[in-house]
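To start, the structure itself, in structure tokens.
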Amino acid sequence: MRYAKQNATDDEVKKAATLAHAHEFIKNLPQGYDTLVGERGIKLSGGERQRVAIARAILKNAPILILDEATSQLDSQSERYIQDALKTLIKDKTVIVIAHRLSTIKQMDRIVVLEKGTIVEEGTHEMLLKLHKGTYQKLWQIQAGGFS
């Protein structure tokens, strides 16, 4: 995790991991925070890798963040952890989020809907849901509606 901030203290690393919902699984790794991961170490799940990436971003504390499909290919529990961690991460920052899962962007201040490379709608989640026959509204109904 120190790739983001090489001089981070152990306490800073643990705090970032806790905020990213990574501390619980990290402390259960064979060597905890000292466990080698990747090609020469153990393999993390997609959700675990995402949470480590968010912990790194929390450590770095950059003013601008770009999140590309932050919750794609995650199970529901991991997605919930990531969304909760993102609330902490994006506070008081400029964030550009690329997402197909609309639940990821629901809380954003401004949502821009693109269709074939063109902006077709923009506004808050609530505003976009009110647009009669809007693209966002249709996509939200498909994703949130389940079987109907």
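We did not get these values from a lab; they are worked out from the coordinates using the rules stated. Values in this document were obtained by computation on a predicted structure and should not be read as measured data. With ideal geometry, Cβ positions are generated from the backbone for all residues, glycine too; neighbour counts draw on all protein chains shown.
With everything on Cα atoms, drop me the angle between helix 135-145 and the longest principal axis of the chain, reported from 0 to 90° to the nearest 10. Long axis of 135-145 versus the principal axis of the chain: about 60 degrees. Rounded to the nearest Hz, the phi-derived 3J(HN,Hα) couplings of the stretch 83-90 under the Karplus curve 6.51 cos²θ - 1.76 cosθ + 1.60 (θ = phi - 60°) are 4, 5, 5, 5, 4, 6, 5, 8, where x marks glycine and proline. Over the chain, the alpha carbon radius of gyration divided by the compact-protein estimate 2.2 N^0.38 Å works out to 1.19. Amide H to amide H, with H built 1.01 Å from N, residue 37 comes under 5 Å of 42, counting only residues 5 or more places away or on other chains. Each residue of the stretch 101-117 is assigned a 3J(HN,Hα), and the resulting list reads 7, 5, 4, 5, 10, 3, 8, 5, 5, 9, 10, 10, 9, 9, 9, 6, x Hz, derived from the Karplus form 6.51 cos²θ - 1.76 cosθ + 1.60 (θ = phi - 60°), x at Gly and Pro.
Which loop-located trypsin sites (Lys or Arg not before Pro) does the stretch 55-148 contain, where loop means any DSSP state but H, G, I, E or B and the Cβ has at most 13 other Cβ atoms within 10 Å?
Listed in order of number, the matching sites are 91, 93, 110, 116, 130, 133.
Per residue of the chain, the DSSP helices (runs of n ≥ 4 H) give a summed -39500 (n - 2.57) that works out to -12000 deg cm²/dmol at 222 nm.
Longest span of the chain, sites excluded, free of chymotrypsin sites (Phe, Trp or Tyr not before Pro) in DSSP loop with at most 15 other C-beta atoms within 10 Å?
That would be 4-146.
Amide H to amide H distances under 5 Å link residue 95 with 65, where only residues 5 or more positions off or on other chains count and H is placed in the peptide plane. For the cross-link pairs 116/138; 106/133; 87/116; 5/43; 5/91; 43/138, the ones whose C-alpha atoms lie over 27 Å apart are 87/116; 43/138.
Suppose a student asked you for the relative contact order of the chain, using Cα pairs under 8 Å spaced at least 6 residues apart; what percent would you report?
19 percent
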